[in-house]
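What follows is one structure encoded as structure tokens, with my remarks underneath.
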Amino acid sequence: MRIVPVTPDLVPALSELAAATFTETFGYLFTAEDLGAFINQSYAHDVLLKVTQHSGDFWRLAFSEAGEPVGYLHVTSVQLPHETANASKDGELKRLYVRRSNHGRGLGRQLMDIAVAHLDHAFPTGAHWISVWNKNEKAIKLYGQYGFQKAGEYYFNVGSASNLMFILRREMGG
Ligand SMILES: CC(C)(COP(=O)(O)OP(=O)(O)OC[C@H]1O[C@@H](n2cnc3c(N)ncnc32)[C@H](O)[C@@H]1OP(=O)(O)O)[C@@H](O)C(=O)NCCC(=O)NCCS
């Protein structure tokens, strides 16, 4: 497995992987129209080209032994709707995705180790946050193993669908 920073030449691979993993995971929750609009707005090549170059944001892309993009992560300053979230010192793991064909082989944990090491390094005095769909038991279990505990809820809307999200928080040193 090779896990590397997302440089502009890797954005097409990231764009394809981000759309594929979101569709695999959550596609069934939305209409095709809403899904397409969300993917376009969030994962289109030009969108990701901009956001992956934000200074202070941390992106990593994982390639399989065969050279296929199979997982990625994004850490940034917190953007969640929680009354104690402090964007000036708290960090958020905003995305962590592994291709379904590669689930259960330890890549999620490997990416999580990298994300948490970065959160500790870049946001040493603040809290660390994640938002997760309330029924995503696999991810909730993984995050719990790193000390992320439920701290709130909010609704995330994609088109006409509204989904209950759990806000998880890990206190520094937790
Ligand atoms: C969540 C996710 C990143 C885990 O990646 P993975 O490579 O399959 O995980 P790993 O093989 O490293 O396993 C790590 C942990 O995940 C959890 N996990 C993995 N497979 C699981 C399963 N079938 N059932 C329950 N928990 C599971 C466990 O906590 C596991 O640790 P353990 O084996 O010590 O119990 C992956 O399932 C994924 O990308 N899912 C779709 C996208 C997603 O939901 N992202 C999170 C959005 S907030």
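Considering every residue within region 145-157, establish whether at least one is surrounded by 13 or more Cβ atoms within 10 Å (Cβ to Cβ), assigned to a strand (DSSP E or B) and of a type in the set (Lys, Arg).
yes
Does Ala115 meet the test of being modelled with pLDDT of 95 or more and under 23 Å from Leu48 (Cβ atoms)?
Answer is yes for this residue.
Of the residues Leu142, Leu168, which is within 16 Å of Glu83 (Cα to Cα) and among the hydrophobic types (A, V, I, L, M, F, W, C)?
Of the residues listed, the single one that is within 16 Å of Glu83 (Cα to Cα) and among the hydrophobic types (A, V, I, L, M, F, W, C) is Leu168.
Quick check: is even one residue across region 82-98 surrounded by fewer than 18 Cβ atoms within 10 Å (Cβ to Cβ), among the aliphatic types (A, V, I, L, M) and more than 15 Å from the ligand (Cβ to nearest atom)?
For region 82-98, residues surrounded by fewer than 18 Cβ atoms within 10 Å (Cβ to Cβ), among the aliphatic types (A, V, I, L, M) and more than 15 Å from the ligand (Cβ to nearest atom): present.
Hey, does region 110-131 have a residue that's of a type outside the set (Ser, Thr, Tyr), within 6 Å of the ligand (Cβ to nearest atom) and buried (at least 17 other Cβ atoms within 10 Å of the Cβ)?
No - not one qualifying residue is present in region 110-131.
Which members of region 1-51 meet the condition of being of a type in the set (A, V, I, L, M, F, W, C) and assigned to a loop (DSSP other than H, G, I, E, B)?
Answer for region 1-51, where residues must be of a type in the set (A, V, I, L, M, F, W, C) and assigned to a loop (DSSP other than H, G, I, E, B): Met1, Val6, Phe30, Ala44.
Kindly list the number of the only condition in (1) in contact with a helix residue (DSSP H, G or I) (Cβ under 6 Å, 6 or more places away or on another chain); (2) farther than 21 Å from Ser131 by Cα that fails for Leu73.
With respect to (1) in contact with a helix residue (DSSP H, G or I) (Cβ under 6 Å, 6 or more places away or on another chain); (2) farther than 21 Å from Ser131 by Cα, Leu73 is out only on (2).
Restricting to region 133-142, and then to whatever is near the ligand (Cβ under 7 Å from one of its atoms) and within 26 Å of Met1 (Cα to Cα), can you tell me which residue is nearest to the chain's Cα centre (by Cα)?
Step by step, filter region 133-142, then rank; the result is Ala139.
Can you confirm whether Val47 is modelled with pLDDT of 95 or more, within 15 Å of the ligand (Cβ to nearest atom) and not polar (S, T, N, Q)?
Spelling it out, it is not the case that Val47 is modelled with pLDDT of 95 or more, within 15 Å of the ligand (Cβ to nearest atom) and not polar (S, T, N, Q).
Taking interchain pairs and intrachain pairs at least six residues apart, which have beta carbon atoms under 7 angstrom, with the first residue in region 118-145 and under 17 Å from Tyr97 (Cα atoms) and the second surrounded by fewer than 17 Cβ atoms within 10 Å (Cβ to Cβ) and among the aliphatic types (A, V, I, L, M)?
Every condition considered, the pairs that remain are Asn134/Leu164.
The values are calculated or read from the model by the stated rules, or taken from the named source; none is laboratory data. On a predicted model such as this, the values are computed, not experimentally measured, just so you know. Cβ coordinates were reconstructed from backbone atoms using ideal geometry, including for glycine residues, and neighbour counts include every protein chain displayed.
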